[in-house]
Amino acid sequence: MTDSTKPVLGVGMAGYAFMGRAHSQAWRTVGHFFDLPMRVDLAAICGRDPDAVAAAARTLGWRSHETDWRRLIERDDIHLVDVCTPGSSHCEIAIAALEAGKHVLCEKPLANTADEAVAMVDAARRAARDGVRAMVGFNYRRVPAATLARRLVADGRIGAIRHVRAVYLQDWIVDPEFPLVWRLRQEAAGSGALGDLGAHIIDLSQYITGQRISAVSALTETFVRERPLPEHTANGDRGPVTVDDAALFLARLDGGAVATYEASRFATGRKNALRIEVNGALGSLAFDLERLNELEFYDGTDPAAEQGFTRILVTEADHPYLSAWWPPGHLLGYEHSFTHEVRDLVHDIAAGTDPVPGFEDGLQVQLVLDAVERSARQSAGWVDVAGSDRSAAVSTPSTG
Ligand code: SOE
């Protein structure tokens, strides 16, 4: 089919900040590198500030702009709504879009609460009966090295999984004078590092291992409890941080593995350090997002004299997506994972198949986040070390 004979998929995007820019790059690029069954039309981008969203439309390549997300749902030239707004609006926008017959791509985490996620799953199930599709944006699943890790596990190459060790470390708010942006306010973000970063390592570790988290024991911490209000920074007004700065938890997975998870925005020096190591009875795998074209693989069945972690450069054409890009060794980046995500979504819409991860997957991650927050609010499990002064060390978590 030539582009002019393909059905059009009109996209309307809500939000134009970091995720809006990453998704815009994906929608702009996908049809130029992948042979799609539909022609993607960047119909409109939406944001509340008229001047800012008009500028975003120009710079990000959108045909028009709106200042009310409801217009995206009313427009007949929009068939899919891409939700790139703070978590507090995911539920309302996604359900309204689905009920209007629009496909939905919703950024992670799916919602700010488990109840909202349940409502979104119900709406997606109803809409699916009419061929309307919904996907949640766990984009790291679409990094080829992560898919290779999943395949090696599924093929039994590392044997029965014993350990999963996952961290997602950033440091963008280490400065106590960094302003109180929406990601630091529970009413907007739902949680802090836990939902923003923890959601990724929960989903990605489950994707790679094929196992799901069944129980957790957690702690959360907020190191800086007040910050300058962005709207009043000049006169020094400050407001409370109402989310976690860091979340750490132990977990049991339903396939028998034990796991540790750490999500922090206070890992000074770590910029976007998502790392997952999986230890099995026959070998191990290690993925590092800051080296996302590589996968480390330890094959315990190699002759003892030849054993060691090998660095697989995951750029050969027989890995997913790579034949659409560059010759081996020319590397992909963070943004390619979003292009792969929308490529698969367009194919699912055209084929009438349910996208993966769907809203049910988003709900399952939300239930883990909820369990972590409930566990962190309990002090059960802590054992004071004889002679230590615990009262100075353990502060009450502020995840609400
Ligand atoms: C947090 O800074 C963040 O933007 C996450 O929200 C994204 O999901 C992640 O891909 C990059 O870091």
Residues other than E294 with Cβ under 15 Å of its Cβ, Lys/Arg counted +1 and Asp/Glu -1, net out at -2
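Give a quick list of trypsin sites (Lys or Arg not before Pro) in segment 100-197 that DSSP marks as loop, anything other than H, G, I, E or B, with at most 13 other Cβ atoms within 10 Å.
Details: sites: K102, R125, R126, R129, R133, R141, R142, R150, R151, R157, R162, R165, R183, R185; in loops: K102, R129, R133, R157, R185.
Passing both the DSSP loop test and the Cβ count: R129.
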Sum of side-chain charges, A96 neighbourhood, beta-carbon under 12 Å (Lys, Arg +1; Asp, Glu -1):
-1
Compute, for D244, the solvent-accessible surface of its heavy atoms (probe 1.4 Å) with the complete set of protein chains present, and express it in square angstrom to the nearest 10.
0 Å²
Mind giving me the FRET efficiency for A52 and A304? R0 is 60 Å, r the Cβ-Cβ distance, nearest 0.05 is fine.
0.50
Please list, or write none, the aspartates and glutamates whose alpha carbon is within less than 14 Å of the alpha carbon of K108, excluding same-chain residues fewer than 8 places away.
D82, E116, D196, D203, E341, E360, D361
Using a 1.4 Å probe on the protein heavy atoms only, what accessible surface does S264 show? Give it in Å² to the nearest 10.
10 Å²
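Counting each DSSP H run of 4 or more residues in the chain as -39500 (n - 2.57), what helix-only mean residue ellipticity at 222 nm follows after dividing by all residues, to the nearest 500 deg cm²/dmol?
Values: 10 runs with 121 residues, N = 400.
Result for the chain: -9500 deg cm²/dmol, rounded to the nearest 500.
May I ask you to list, by number, the DSSP H helices of the chain whose Cα span along the axis is at least 24 Å and whose average Kyte-Doolittle hydropathy reaches -0.5 or more? All intermediate terms of the calculation are to be shown ahead of the outcome.
Working: long enough: 334-351 (27 Å, -0.43); 359-377 (27 Å, -0.04).
Helices meeting the criterion: 334-351, 359-377.
About its Cα centre, how strong a charge dipole does the chain have in debye, to the nearest 20, once Lys and Arg get +1 and Asp and Glu get -1 at the Cβ? Don't skip to the end; give the middle numbers.
On the way: 40 positive and 54 negative charges, 38 e Å.
I would put it at about 180 debye.
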Dipole of segment 3-140 [Lys/Arg +1, Asp/Glu -1 at C-beta], most positive-end residue of G137, V40, C91:
V40
For the chain, treating each Cα as an identical point scatterer without solvent, what Debye log10 I(q)/I(0) comes out at q = 0.10, 0.11, 0.12 1/Å?
-0.70, -0.85, -1.01
Evaluate the Kirkwood expression for the hydrodynamic radius of segment 3-140, namely the inverse of the mean inverse distance over all pairs of different C-alpha atoms, and round to one decimal in Å.
14.9 Å
Can you list the HN-Hα couplings for segment 276-283, worked out from phi with the Karplus curve (6.51, -1.76, 1.60; θ = phi - 60°), rounded to whole Hz and with x for Gly and Pro?
10, 10, 10, 9, x, 5, 10, x
Amide H neighbours of G280 under 5 Å, counting only residues 5+ apart in sequence or on other chains, H built in-plane at 1.01 Å?
R162, L285
F249 accessible area, assembled protein chains, probe 1.4 Å, Å²:
10 Å²
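Counting only DSSP beta bridges with both residues in the chain, tell me the antiparallel percent, nearest 5. Could you put the intermediate results ahead of the total?
Values: 40 of 69 bridges.
Of those bridges, close to 60 percent are antiparallel.
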Residue (of G156, A199, H330) at the positive-pole extreme of the chain, dipole from beta-carbon charges
G156
For D115, D41, what's the largest-to-smallest order of accessible area, 1.4 Å probe?
D115, D41
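Which whole-number percent gives the relative contact order of the chain, counting Cα pairs below 8 Å spaced six or more residues apart?
It comes to 19 percent, rounded to a whole number.
If you put +1 on each Lys and Arg Cβ and -1 on each Asp and Glu Cβ, how big is the dipole of segment 3-140 around its Cα centre, in Debye rounded to 20? Mind showing how you got there, number by number?
On the way: 16 positive and 18 negative charges, 61 e Å.
Result for segment 3-140 is approximately 300 debye, rounded to the nearest 20.
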How many angstrom separate the Cα center of segment 175-229 from the Cα center of segment 59-108?
25 Å
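The values are calculated or read from the model by the stated rules, or taken from the named source; none is laboratory data. Source: prediction; values computed, not measured. All Cβ positions, glycine included, derive from the backbone under ideal geometry; neighbour counts span all protein chains shown. Accessible surface areas use protein heavy atoms only, side chains included; no ligands, DNA or RNA. Shrake-Rupley method; radii C 1.70, N 1.55, O 1.52, S 1.80 Å.
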